[in-house]
Amino acid sequence: MTTWGLVLETTVGSGERKHTEAYVMAHVEGPRETALAELEKRARAYSPEHPRSPKRRRLFRGGDGFLLVIDGAWQSHATRFSVAELMDDTDHAPPSEAVGDRPAAPGRKPEPEREPEPVPPTLPTVTVERDEDGVPVKPAWLGRTDLA
């Protein structure tokens, strides 16, 4: 089953610090039409922080999603909503494929299988005499010969 990402791209910041950021709003499994229907609901309900005093709101449908243009008192603000097929996710392997079963991407070497990391041996517990405040009575460095 195909997993679709519902992606929101919007301009944040102001002045010289203005830049575009992308957010994955949700994942939808199933056909592309189902993902587009969910994306449309979210685009219609979306209320951006800017402009604070919207004068006009327009929602456009494009090939892979929607474009929301809101005219404010000073300038227009645009937010793009798109649906995209999830091809790879480093946090989660696709449900239909195990990590080792995926073919390597063209031009990329397959990743070697990793050996499990060795578990460090546990150190013996040493009881240390402490005063009523929890401070050791004898400093840990006292009596060490390697500190000369």
Original post:
Under the Karplus relation 6.51 cos²θ - 1.76 cosθ + 1.60, θ = phi - 60°, what is the ordered set of whole-Hz ³J(HN,Hα) values for the stretch 48-58, x standing for Gly and Pro?
Top reply: x, 5, 10, x, 6, 10, x, 9, 8, 10, 10
Original post:
For the charge dipole of the stretch 1-60, defined by +1 on Lys and Arg C-beta atoms and -1 on Asp and Glu C-beta atoms about the Cα centroid, which residue among Thr2, Ala37, Ala26 has the Cα displaced farthest towards the positive pole?
Top reply: Ala37
Original post:
Ordering Glu38, Glu132, Glu85 from largest to smallest accessible area (1.4 angstrom probe), what's the sequence?
Top reply: Glu132, Glu85, Glu38
Original post:
Check Trp4: other-chain or 5+ apart residues with amide H under 5 Å from its amide H, H built from backbone geometry?
Top reply: Val28, Glu29, Gly30, Leu86
**OP:** Express in % the proportion of alpha carbon pairs of the stretch 1-63 at distances exceeding 13 Å.
**Re:** 71 percent
Original post:
Mean separation of Cα pairs under 8 Å and 6+ residues apart, divided by the residue count of the stretch 1-72: what relative contact order is that in percent?
Top reply: 24 percent
Original post:
In whole Å, how far is the Cα centre of the stretch 4-31 from that of the stretch 51-67?
Top reply: 14 Å
Subject >> Packing rank of 13-19, 51-57, where each peptide gets the mean count of other beta carbons within 10 Å, highest leading >> reply: 51-57, 13-19
Subject >> Two-site FRET efficiency, Glu16 against Trp74, from Cβ-Cβ distance with R₀ of 22 Å, rounded to 0.05 >> reply: 0.85
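The values are calculated or read from the model by the stated rules, or taken from the named source; none is laboratory data. Note that the structure is predicted; figures quoted are calculated from it, not measured. No Cβ is skipped: glycine too gets one built from the backbone with ideal geometry, and neighbour counts run over all protein chains shown. Note: accessible area is taken over every heavy atom of the protein model, side chains too, but ligands, DNA and RNA are not part of it. Shrake-Rupley method; radii C 1.70, N 1.55, O 1.52, S 1.80 Å.
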